[in-house]
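Have a look at the structure below, then the notes.
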Amino acid sequence: MKTRITELFGIRHPIIQGGMHYVGFAELAAAVSNAGGLGIITGLTQKTPELLAKEIARCHEMTDQPFGVNLTFLPAFTAPPYPEYIAAIVEGGIKAVETAGRSPEAYMPALKAAGIKVIHKCTSVRHALKAERIGCDAVSVDGFECGGHPGEDDVPNMILLPRAAEELKIPFVASGGMADGRSLVAALALGADGMNMGTRFIATKEAPVHDNVKQAIVNASELDTRLIMRSLRNTERVINNAGVERLIAIEKEKGETLKIDDIIEEVAGIYPKVMIQGDMDAGAWSCGMVAGLIRDVPSCAELIERIMAEARGLIAQRLAGMLAA
Ligand SMILES: Cc1cc2nc3c(=O)[nH]c(=O)nc-3n(C[C@H](O)[C@H](O)[C@H](O)COP(=O)(O)O)c2cc1C
């Protein structure tokens, strides 16, 4: 399939694997890229720029296809050394960067000077337009369904994607709730040039996470996510578990007086416990409502081939058939 996104990133299929903390290691990024999508290493999961350089080198050993790096700009007490991370990305020969969180404006000159294509992930039309204005090549439009940080506007993709299509000139991918060929065809119909998936890619053979995580996603229904940290204006969609129930009880008790320190034990340092040790009740970890559509753990190649075959069938048979009738 050829879209503005496949052309922009030099990939065979318009499918991107979004950056995911403690999931987006070289194994997953390489598997997605080898299957014709765009795999993405999560930059900040690597504790230092030197470690990111090593992870990029490891990924180059596993694939000769294009892959990217995610750089998430979050409010932090001590900001990570972003210029050094960008230097590792540039020196690693990376040509695609997915930015997320705050605006990447300050880093655009460095990224553009290195010939890197920047896709910024955002949850509103106004942030997407800002990304376009500051020179991003594409955006990933993350609807309210998404795993991770859906923002505070609560607009689901059925509205957000066509709104983005009305306003944007640069190409965008649909993100949040995407799982299969139906998602891809719907995303294209709503004006996107491809799709970005997070949660779906965790439940794959190559995702280097504990099997308990994959099983939790397979077992979860679309009713099993919760929104946390709303009153802190740092909303995150996570899968429900004992740690999240503890957290929500604290949120209810504290109400508007909640501070991050009140829930720190349920949100800080959780990812290695969940993703590496498989401790499923350790605390909050991001997961999308799309878990309700995930029922197996295929390889990335099986998954992407299945999506593309289903999408082709939907367009050429179901939809074309309705027109012919
Ligand atoms: C476990 C997990 C960790 C994530 N970590 C990050 C991250 O570190 N940076 C980021 O930009 N997005 C992160 N995301 C968001 C994904 O890149 C993607 O935008 C989102 O999962 C899309 O929604 P979906 O899960 O419905 O496919 C994470 C998502 C999940 C499920």
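Before we move on, is Glu256 crowded, with 17+ Cβ neighbours inside 10 Å and in contact with a Ser or Thr (Cβ under 9 Å, 6 or more places away or on another chain)?
Here the answer is no, as Glu256 does not meet what is asked.
Which residue is farthest from Gly68 (Cα to Cα), if the candidates are limited to the stretch 102-125 and must be in contact (Cβ under 8 Å) with a residue 40 or more places away in the chain and not basic (Lys, Arg)?
Going residue by residue through the stretch 102-125, those that are in contact (Cβ under 8 Å) with a residue 40 or more places away in the chain are 117, 119, 121, 125.
Right, trim to not basic (Lys, Arg) and you get 119, 125.
Values: Ile119: 10, Val125: 24 Å.
Among residues in the stretch 102-125 that are in contact (Cβ under 8 Å) with a residue 40 or more places away in the chain and not basic (Lys, Arg), the one farthest from Gly68 (Cα to Cα) is Val125.
Among (1) assigned to a loop (DSSP other than H, G, I, E, B); (2) surrounded by fewer than 23 Cβ atoms within 10 Å (Cβ to Cβ); (3) of a type in the set (Val, Ile, Thr); (4) modelled with pLDDT of 95 or more, there is one condition Thr78 misses while meeting the rest; what is its number?
Unmet condition: (4).
When only residues in the stretch 268-325 that are among the basic types (Lys, Arg) and either more than 19 Å from Asn212 (Cβ to Cβ) or surrounded by 17 or more Cβ atoms within 10 Å (Cβ to Cβ) (or both) count, which is farthest from the ligand (Cβ to nearest atom)?
Of all residues in the stretch 268-325, those among the basic types (Lys, Arg) come to 273, 295, 306, 312, 318.
Those left that are additionally either more than 19 Å from Asn212 (Cβ to Cβ) or surrounded by 17 or more Cβ atoms within 10 Å (Cβ to Cβ) (or both): 273, 306, 312, 318.
Working: Lys273: 13, Arg306: 16, Arg312: 21, Arg318: 24 Å.
Filtering the stretch 268-325 for residues that are among the basic types (Lys, Arg) and either more than 19 Å from Asn212 (Cβ to Cβ) or surrounded by 17 or more Cβ atoms within 10 Å (Cβ to Cβ) (or both), the one farthest from the ligand (Cβ to nearest atom) comes out as Arg318.
Starting from residues that are touching an Asp or Glu at 6+ places or on another chain (Cβ under 8 Å) and in contact (Cβ under 8 Å) with a residue 60 or more places away in the chain, keep the ones in the stretch 150-171 and report whichever is nearest to the ligand (Cβ to nearest atom). Break it down stepwise before answering.
Kept after step one, since they are touching an Asp or Glu at 6+ places or on another chain (Cβ under 8 Å), are these residues of the stretch 150-171: 150-151, 156-157, 168-171.
Checking the rest, the ones that are also in contact (Cβ under 8 Å) with a residue 60 or more places away in the chain come to 150-151, 171.
Values: Pro150: 9, Gly151: 11, Pro171: 17 Å.
Top of the filtered list is Pro150.
Pairs only if they're at least six apart or on different chains, beta carbon under 8 angstrom, first in the stretch 51-62 and without any contact (Cβ under 8 Å) to a residue 40 or more places away in the chain, second among the charged types (D, E, K, R); list them, first residue then second.
Close Cβ pairs (under 8 Å, with a partner that is among the charged types (D, E, K, R)) amount to Ala53/Glu91; Met62/Glu27.
Restricting the search to the stretch 30-49, which residues are of a type outside the set (Ser, Thr, Tyr), over 21 Å from Leu74 (Cβ atoms) and in a helix (DSSP H, G or I)? First the steps, then the outcome.
Step one: list which residues in the stretch 30-49 are of a type outside the set (Ser, Thr, Tyr), which gives 30-32, 34-41, 43-44, 46-47, 49.
Subsequent filtering for residues that are over 21 Å from Leu74 (Cβ atoms) retains 30-32, 34-39.
Result: Ala30, Ala31, Val32, Asn34.
Name the pairs: first residue in the stretch 17-40 and closer than 12 Å to Thr63 by Cβ and more than 16 Å from the ligand (Cβ to nearest atom), second residue of a type in the set (Asp, Glu) and not in a loop (DSSP other than H, G, I, E, B), Cβ to Cβ under 9 Å, at least 6 apart or on different chains?
That search, which allows pairs on different chains as well, returns Ala30/Glu61; Ala35/Glu302; Ala35/Glu305; Gly36/Glu305.
Scan the stretch 53-87 for residues that are among the aliphatic types (A, V, I, L, M) and in contact with a Ser or Thr (Cβ under 9 Å, 6 or more places away or on another chain) and jot them down.
First, the residues of the stretch 53-87 that are among the aliphatic types (A, V, I, L, M): 53, 56-57, 62, 69, 71, 74, 76, 79, 86-87.
Of everything in the stretch 53-87, those that are among the aliphatic types (A, V, I, L, M) and in contact with a Ser or Thr (Cβ under 9 Å, 6 or more places away or on another chain) turn out to be Met62, Val69, Leu71.
Given the conditions (1) under 22 Å from the mean Cα position of the chain (by Cα); (2) outside any loop (DSSP other than H, G, I, E, B), which single one is not true for Leu319?
Just one mismatch for Leu319, condition (1).
The values are calculated or read from the model by the stated rules, or taken from the named source; none is laboratory data. Because the structure is a prediction, the values reported are computed rather than measured. Every residue, glycine as well, gets a Cβ built from its backbone with ideal geometry; the counts of neighbours run over all protein chains shown.
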